[in-house]
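Read-outs throughout are calculated quantities, based only on the coordinates presented, and are distinct from any laboratory measurement. Since this is a predicted model, take the numbers as computed values, not measurements. Glycine also receives a Cβ, built like all others from the backbone with ideal geometry; neighbour counts cover every protein chain displayed.
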């Protein structure tokens, strides 16, 4: 049989053999292209659709973009003062510092500054120094700031950048980093868009159950499309990290680069278990660097305990957010203590050993209270806490995004005081195209707010690698 087949081939003239070879190559190439296209499609998060407004869906949603301005009134300020004046304080335990939460003696000082020196009208002008807009998407008014470079020299490349905040932050976290990104440097400048997550700040809150990070990702894709961007970079930490990750899973062709300062590891698996068992002794066998070992171990003794100390809020907000939120929404002092305590210990866990929580070491009281006032004046603390219920209140490993890898070029800024360190080898299980992983020299959870220069520089070097 073999000889008969070979005789048949030998009887063909060279030109026909060449045509046969080309046909086989083309056919094989076509099958390969189909396979790759199908593979990419099968690893894409379905975009879907939704409606989160109070009324039923309209067939013709208003897609206009409207200018927006943050405003205040004397009545709003006087109501705040009245509530502050009625506050009751509990004396602190001796030598407790910030280990029991916000130290009440220092809280009195913060509240006194808030009541007597802090100027909300002045801070409203600060908020309005960047252009604000609103547009209706899926029944919700979506708020965002949109900042373009003032000047782009010849030869400088301008790219759109979507930056997404987390909890208990807001779009205000990016006010110090925006000028660093919109100015031309190293051949690049960025047109920055910072939205408020629905349920946060000046965006409407969802009126129906089920609004999680996937729904937010779809809304932000629609926002960027409405603004005319077919391709853009994204940057996020905390919830912003998960939302922008979902955006890359949903429409990878539009996310030119994904930059995170908080990496989500969806599943541990055997690889993570082995790295925890062996990493301290033979780190090179499990892909750990010396810096990974320093930040991860002693894992079982310290890091897990630290996470338990700092995750009580998550259990409350992932189960019964409206109960605790009711008290916070009624008491400005309670809300300030609840939010500002996170800006202490999430910036540096060692700040628990200070009576002032180290708050003035990285931030000013004006900056911190302006973030609190965004929550207070919009009554958004409850709706922001519900985001935990919608995301963490369910098994995240069973969500569709947990099974979908990310192929967009990814950059990671690993800050040393982050709540949990994620080595690159862990993140590679989910993020398949990490082009930049940087061990930052200092900083914690609120990177853009705390260390804007470090984050901006790392983002720029990431973009350079992607553009090449």
Spin-label model distance (nm) - residue 420 vs residue 291, 7 Å beyond Cα toward Cβ:
2.1 nm
If you find the alpha carbon centre of segment 378-427 and of segment 84-162, how far apart are they in angstrom?
22 Å
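Quick one: grab the alpha carbon gyration tensor of segment 143-236, order the square roots of its eigenvalues as a ≥ b ≥ c, and give me rounded if a/c is under 1.5, else prolate or oblate depending on whether a/b is larger than b/c.
Note, shape of segment 143-236 comes out prolate.
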Over the chain, the sum of -39500 (n - 2.57) across DSSP H runs of at least four, divided by residue number and rounded to 500 deg cm²/dmol, gives at 222 nm -13500 deg cm²/dmol
Using a 10 Å cut-off around each Cβ, can you sort 290, 136, 468 from fewest to most neighbouring Cβ atoms?
468, 290, 136
Would you mind listing how long segment 390-468 runs along its three principal axes, going by Cα atoms, in whole Å with the largest first?
37, 30, 21
Shape descriptor, segment 209-315: equivalent ellipsoid semi-axes (Cα gyration tensor, sqrt 5λ, whole Å, largest first) stand at 34, 18, 11
As a percent rounded to 5, the proportion of antiparallel DSSP bridges among beta bridges in the chain is 40 percent
Nearest 10, in degrees from 0 to 90: the angle of helix 14-42 to the longest Cα principal axis of the chain is 20 degrees
nm² value of the averaged projected area, convex hull over the Cα atoms of segment 282-357:
7.0 nm²
Cα long-axis angle, helix 213-226 against the chain (0 to 90 degrees, to the nearest 10)
80 degrees
Can you sort 178, 84 from fewest to most other Cβ atoms within 10 Å of each residue's own Cβ?
84, 178
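Which of the three applies to segment 227-278, rounded, prolate or oblate, going by the alpha-carbon gyration tensor with a ≥ b ≥ c and a/c under 1.5 meaning rounded?
In terms of gyration-tensor shape, prolate.
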Provide the FRET efficiency to the nearest 0.05 for the residue 73-residue 100 pair, computing r from the beta carbons and using R0 = 41 Å.
0.65
Could you state the angle between the C-alpha long axis of helix 74-85 and the longest principal axis of the C-alpha atoms of the chain, as a value from 0 to 90 degrees rounded to the nearest 10?
70 degrees
In bins 5 Å wide, starting from 0, what share of all Cα pairs of segment 80-167 does each bin hold, as a percent?
3, 9, 11, 12, 12, 12, 12, 11, 8, 5, 3, 1, 0
Taking neighbour counts of Cβ atoms within 10 Å as a proxy for exposure, in what order, fewest first, do 392, 110, 304, 296 appear?
304, 392, 296, 110
Relative contact order of the chain, please, whole-number percent, based on alpha carbon pairs below 8 angstrom and at least 6 residues apart.
18 percent
Let me know the shape class of the chain, please: from the alpha-carbon gyration tensor, a ≥ b ≥ c as square roots of the eigenvalues, rounded when a/c is under 1.5, otherwise prolate if a/b is greater than b/c, or oblate.
prolate
